[in-house]
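The block underneath contains the structure these notes are about, expressed in structure tokens.
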């Protein structure tokens, strides 16, 4: 059990022997030096800490007025930094003298303590001196046991493994261990330091030296550390690739319609025979069919060119995605904070606004790849001399890159606690040996649960770990260490505990029995929170970027199980919706769900972060995003009225698309039937008895060809209707505009970290 820490000065009388130093205390008087027996400078108490030091106390009896403490020379700085020597009778500190560096003998430095003389008339007697100091020592190691019962309680046991690396036995010493946030370091106090003083002369100058020369610099400040740079054209690679894909798809539609008309018309095809394009070209070079073939050849060449350009755009898009993936992976690993600077080119309308949009485009894509929003700052710089339009990713000065605090692991970590445990009775630890000191033995509330922590180190995405949950009621922080779990008189698993503050609830996984299976499904979406501006079909808005995690928990066991889901929220994100049953575990949240045997339960966690997006209303995703916003009660009435006509034209486009898809499906079925009839007619050719059947099939083929032709003409008409609706839609978008509010305009220039 913890004991109260004693004040350093008052309890300083017991510490020297545990130091691990070859320490000799000697009394000096009448010109002679005699060694004092070890029981005259007995060690009383030692406290070992986790930060590589130990605190020692000792009492020494001195019959003369001088005390000599011999210390190994490599430990002298620790002694001078921390040693306290006081007269036990008066409580006053005593002065210490020691030789200059280089005057030590046999790597031992003698510290001489001069006691004040006794007053006249007072009989000389043995005087007690209290000594204490701190010096390096082997850190102690914790080891825990948890014994689980079926009554909602556990017994917590703890031991400290202490190593006596000194050259002295610790005999009947009260041994303690502790940990805290106290810092420990080495500092040179023994060396002699001289201070350089400048030598001054009179100011009379007979010959004056010229100033020094050197290379000529341009006077510019040191360049920022640019992690990546991308031009405005590369930023549009995704949008251009998608437009190219739509264009290629539309070419496929045109080719299909043209082929259907050719195959579905009269002539040889209607009679069940096919004509090869090459033979037709040779037999009738000046015929309309030949001209049609030339036209088809030119269109095929154009199609090949467009396909080649589409492949180039897809390659650019893939390269853009790759460098974003590499940069995002680096930022996730190092925790580096970056500034995304967007720039515009001279003569570009709304230069600042476009530069801000470019910066936010990269910021959004990094966040979507798992970078914490607080790590990325978006800034629009407008037109910058010497820089073309695009984006630069610049490293922000962060001295803790790669450390836990930089990654956010320690930014919101709980405060460092303190612990102090001491043996109840004196004990003996021989030099060069180790001992286990009992530090904890307490009953506390606890039970066995399941912990699902897929994002933690060593976690499993499929199964939940069996874990012991208990409360630390010791009043001291339990340091991280191994924890062995026993239940029903047998060993049931081992775990590794993180620091557990006093009064905190701990959950330590110890087994993986695969009784609890978890199916995880992640998703994300955007919701418009505030409009910034709308210009020529591009809507700029502040959006709530939401990511959703749905967990379906299955219990394959025979007993009800309580499952705790560990969830870490990165900096810059906040919980939007989650189960009400939640517990805090360090920087993580634990969401609880109880699952009956053979049953399943579902748990949903949703997080949000603000983003600034430019939404293209010409895309399906952009229109649907605006529809959701307009359906909300707080939608902007101006935008709602302006979008009515635009949405009407968009719905007409969607209707035409649906009609085209239906007609294509019908035409495809008819073409399959047409091919079947052609094959049947080919098999009957030259047969005398098949004349009537051939006539019947030719009639069927003619009817089917007419249906194909009608369907093809209907496809062309629907495509024309779609084109008209698209032109009206784009024209309405070009005329649509919405001025930004003042608050939105102010927020448009930058997005702060966090």
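The values are calculated or read from the model by the stated rules, or taken from the named source; none is laboratory data. As the structure is a prediction and not an experimental result, all values here were calculated from the model. Quick reminder, even Gly has a Cβ in these numbers, built from the backbone with ideal geometry, and neighbours come from all protein chains shown.
Is it the case that region 554-565 has a residue that's touching a strand residue (DSSP E or B) at 6+ places or on another chain (Cβ under 7 Å) and in a loop (DSSP other than H, G, I, E, B)?
yes
Of everything listed in (1) assigned to a strand (DSSP E or B); (2) at pLDDT below 90, the single unmet condition for residue 547 is (2). Within region 524-541, the set of residues being farther than 15 Å from residue 627 by Cα and not in a strand (DSSP E or B) comprises just one member, 536.
Scanning for something assigned to a loop (DSSP other than H, G, I, E, B) and either at pLDDT below 85 or farther than 30 Å from residue 605 by Cβ (or both), does region 461-472 turn up at least one residue?
Checking region 461-472: not a single residue is assigned to a loop (DSSP other than H, G, I, E, B) and either at pLDDT below 85 or farther than 30 Å from residue 605 by Cβ (or both).
The combined condition, being over 26 Å from residue 727 (Cβ atoms), out of contact with any strand residue (DSSP E or B) (no Cβ under 6 Å at 6 or more places or on another chain) and either modelled with pLDDT under 85 or not in a loop (DSSP other than H, G, I, E, B) (or both), is fulfilled by residue 700. Anything in region 73-115 that is part of a loop (DSSP other than H, G, I, E, B), free of Cβ contacts under 8 Å to residues at least 60 places away in the same chain and surrounded by 12 or more Cβ atoms within 10 Å (Cβ to Cβ)? List them, or say none. Scanning region 73-115 gives 83, 94, 99, 104, 115. Within region 599-621, the set of residues being within 17 Å of residue 546 (Cβ to Cβ), touching a residue at least 40 places away in the same chain (Cβ under 8 Å) and either out of contact with any helix residue (DSSP H, G or I) (no Cβ under 6 Å at 6 or more places or on another chain) or surrounded by fewer than 12 Cβ atoms within 10 Å (Cβ to Cβ) (or both) comprises 603, 604, 605, 606, 607, 608, 610, 613.
Of these, 615, 646, 654, 628, which one is within 26 Å of residue 373 (Cα to Cα) and in a helix (DSSP H, G or I)?
Values: 615 fails: in a helix (DSSP H, G or I); 646 fails: within 26 Å of residue 373 (Cα to Cα); 654 fails: within 26 Å of residue 373 (Cα to Cα).
None of the other options fit; the residue is 628.
For region 413-428, taking the residues that are buried (at least 19 other Cβ atoms within 10 Å of the Cβ) and at pLDDT 80 or above, the one that is farthest from residue 166 (Cα to Cα) is identified as 421.
Quick check, is residue 642 within 30 Å of residue 542 (Cβ to Cβ) and exposed (fewer than 15 other Cβ atoms within 10 Å of the Cβ)? Break it down stepwise before answering.
Values: within 30 Å of residue 542 (Cβ to Cβ): yes; exposed (fewer than 15 other Cβ atoms within 10 Å of the Cβ): no.
Judged against the criteria, residue 642 is not a match.
Scanning region 421-460 for residues that are under 30 Å from residue 550 (Cβ atoms) and in a loop (DSSP other than H, G, I, E, B) yields a total of 8. Taken over region 52-68, the criterion of being at pLDDT below 80 and in a loop (DSSP other than H, G, I, E, B) is satisfied by 63, 64, 65.
Does residue 647 count as buried (at least 20 other Cβ atoms within 10 Å of the Cβ) and either out of contact with any strand residue (DSSP E or B) (no Cβ under 7 Å at 6 or more places or on another chain) or in contact (Cβ under 8 Å) with a residue 60 or more places away in the chain (or both)?
Details: buried (at least 20 other Cβ atoms within 10 Å of the Cβ): no; either out of contact with any strand residue (DSSP E or B) (no Cβ under 7 Å at 6 or more places or on another chain) or in contact (Cβ under 8 Å) with a residue 60 or more places away in the chain (or both): yes.
Considered against the rule, which asks whether it is buried (at least 20 other Cβ atoms within 10 Å of the Cβ) and either out of contact with any strand residue (DSSP E or B) (no Cβ under 7 Å at 6 or more places or on another chain) or in contact (Cβ under 8 Å) with a residue 60 or more places away in the chain (or both), residue 647 comes out as no.
Among the residues of region 435-476, the ones that are within 30 Å of residue 168 (Cβ to Cβ) and surrounded by 15 or more Cβ atoms within 10 Å (Cβ to Cβ) come to 5 in all. Residue count for region 293-318 satisfying the condition of being surrounded by 12 or more Cβ atoms within 10 Å (Cβ to Cβ) and under 30 Å from residue 572 (Cα atoms): 1. Within region 504-512, identify whether any single residue is surrounded by fewer than 21 Cβ atoms within 10 Å (Cβ to Cβ) and closer than 28 Å to residue 608 by Cβ, and answer yes or no. Within region 504-512, one or more residues are surrounded by fewer than 21 Cβ atoms within 10 Å (Cβ to Cβ) and closer than 28 Å to residue 608 by Cβ.
Suppose the filter is modelled with pLDDT of 90 or more and surrounded by fewer than 17 Cβ atoms within 10 Å (Cβ to Cβ); does residue 560 pass it? Can you show your working first?
Details: modelled with pLDDT of 90 or more: yes; surrounded by fewer than 17 Cβ atoms within 10 Å (Cβ to Cβ): yes.
So residue 560 fits the description; yes.
Filter region 494-523 down to the residues that are assigned to a strand (DSSP E or B) and under 22 Å from residue 552 (Cα atoms) and list them by number. Of everything in region 494-523, those that are assigned to a strand (DSSP E or B) and under 22 Å from residue 552 (Cα atoms) turn out to be 507, 509, 511, 516, 517, 518, 519, 520, 521, 522, 523.
Against the list (1) in a strand (DSSP E or B); (2) in contact (Cβ under 8 Å) with a residue 12 or more places away in the chain; (3) exposed (fewer than 14 other Cβ atoms within 10 Å of the Cβ), the condition residue 491 fails is (2). Residues considered: 370, 353. Of these, the only one that is under 22 Å from residue 607 (Cβ atoms) and out of contact with any strand residue (DSSP E or B) (no Cβ under 6 Å at 6 or more places or on another chain) is 370.
Of all residues in region 703-740, how many are assigned to a helix (DSSP H, G or I) and either more than 28 Å from residue 648 (Cβ to Cβ) or touching a residue at least 24 places away in the same chain (Cβ under 8 Å) (or both)?
First pass over region 703-740, keeping only residues assigned to a helix (DSSP H, G or I): 703-735.
Subsequent filtering for residues that are either more than 28 Å from residue 648 (Cβ to Cβ) or touching a residue at least 24 places away in the same chain (Cβ under 8 Å) (or both) retains 703-716, 718-719, 721-722, 725-726, 728-730, 732-734.
Residues meeting the conditions: 26.
The single condition among (1) in contact (Cβ under 8 Å) with a residue 40 or more places away in the chain; (2) under 33 Å from the mean Cα position of the chain (by Cα); (3) not in a strand (DSSP E or B) that residue 678 does not meet is (2).
Determine whether residue 593 is surrounded by 12 or more Cβ atoms within 10 Å (Cβ to Cβ) and either assigned by TED's automatic domain parsing to the domain that holds residue 655 or in a helix (DSSP H, G or I) (or both).
Answer is no for this residue.
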